[in-house]
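Reviewing the structure listed below.
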């Protein structure tokens with residue numbers, strides 16, 4: 001029997017009023033990601049979900065959305081409790097171009113919609129996280145408006161942004177436009193596994209704190225997967 005996704009998400013908040021950590025993974029699946037990069041990305045995302053599911057507090061608190069972009073941006077997984085998602089779907093390279101701005105805009109739209117649902121249900125939440133990963137340059141001009149929106153939310157303490165470049169062709173100057181507080185990091189090789197292990201540990205650490213409390217991330221751990 002079909003159930004309205006809006007109803008399902010509202011039920012999640014009523015049944016589990018735990019403080020939420022919304023994490024939007026905005027991932028490049030354009031043609032240049034075909035082959036091993038796509039395989040490693042899928043494995044990393046799978047391990048990320050496994051790590052969150054293994055921690056009781058993170059399992060109750062974390063909500064993950066997966067937004068993919070190539071020619072078009074799509075919601076692959078929308079925000080909901082991890083118990084409803086189970087294992088993440090396998091991402092497939094669509095062979096298109098890199099609509100980076102469209103992906104970020106859609107991710108921010110979904111974050112804003114979920115925040116409104118939290119507020120309506122009286123559920124408190126931590127600053128939303130946006131994880132942006134791409135291996136190339138944007139092929140539209142949409143990233144200009146999307147990056148300004150991202151930085152404005154960041155300055156208002158309404159968003160935490162992690163811009164990540166994949167491979168030598170990733171345009172780090174473009175990624176730098178999406179955050180004024182965090183410089184973009186370039187993934188070492190195809191170390192998706194190490195990155196998502198670090199990300200899951202960071203989410204777990206935040207889930208064990210209280211909304212508004214400052215939490216220091218593991219900067220030493222970044223050296224295992226990223227470089228400036």
Among the residues of the stretch 186-211, the number that are over 16 Å from residue 127 (Cα atoms) and touching a strand residue (DSSP E or B) at 6+ places or on another chain (Cβ under 7 Å) is 4
Please list, ordered by residue number, the helices (runs of 4 or more DSSP H) wholly in the stretch 1-95 having 3 or more residues that are in contact with a strand residue (DSSP E or B) (Cβ under 9 Å, 6 or more places away or on another chain) and closer than 30 Å to residue 140 by Cα. 36-54
Could you tell me which numbered condition residue 98 fails, if it satisfies all but one of (1) in contact with a strand residue (DSSP E or B) (Cβ under 8 Å, 6 or more places away or on another chain); (2) farther than 16 Å from residue 32 by Cβ; (3) assigned to a loop (DSSP other than H, G, I, E, B)? (2)
Can you confirm whether residue 105 is farther than 25 Å from residue 191 by Cα, at pLDDT 95 or above and touching a strand residue (DSSP E or B) at 6+ places or on another chain (Cβ under 9 Å)? yes
Looking only at the stretch 122-140, decide whether some residue is assigned to a helix (DSSP H, G or I) and either touching a helix residue (DSSP H, G or I) at 6+ places or on another chain (Cβ under 6 Å) or without any contact (Cβ under 8 Å) to a residue 40 or more places away in the chain (or both). no
Which of the residues spanning the stretch 141-163 are assigned to a helix (DSSP H, G or I) and without any contact (Cβ under 8 Å) to a residue 40 or more places away in the chain? 148, 151, 152, 154, 155
Residues that are under 21 Å from residue 36 (Cα atoms) and buried (at least 21 other Cβ atoms within 10 Å of the Cβ), drawn from the stretch 176-197: 187, 192, 195, 196
Here are some residues: 98, 94, 134, 139. Which one is under 15 Å from the mean Cα position of the chain (by Cα), farther than 27 Å from residue 213 by Cα and either surrounded by 15 or more Cβ atoms within 10 Å (Cβ to Cβ) or modelled with pLDDT of 95 or more (or both)? 134
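The values are calculated or read from the model by the stated rules, or taken from the named source; none is laboratory data. Since we're looking at a predicted model, the values are computed, not measured. Using ideal geometry, Cβ is built from the backbone for each residue, glycine included, and neighbour counts are taken over all protein chains shown.
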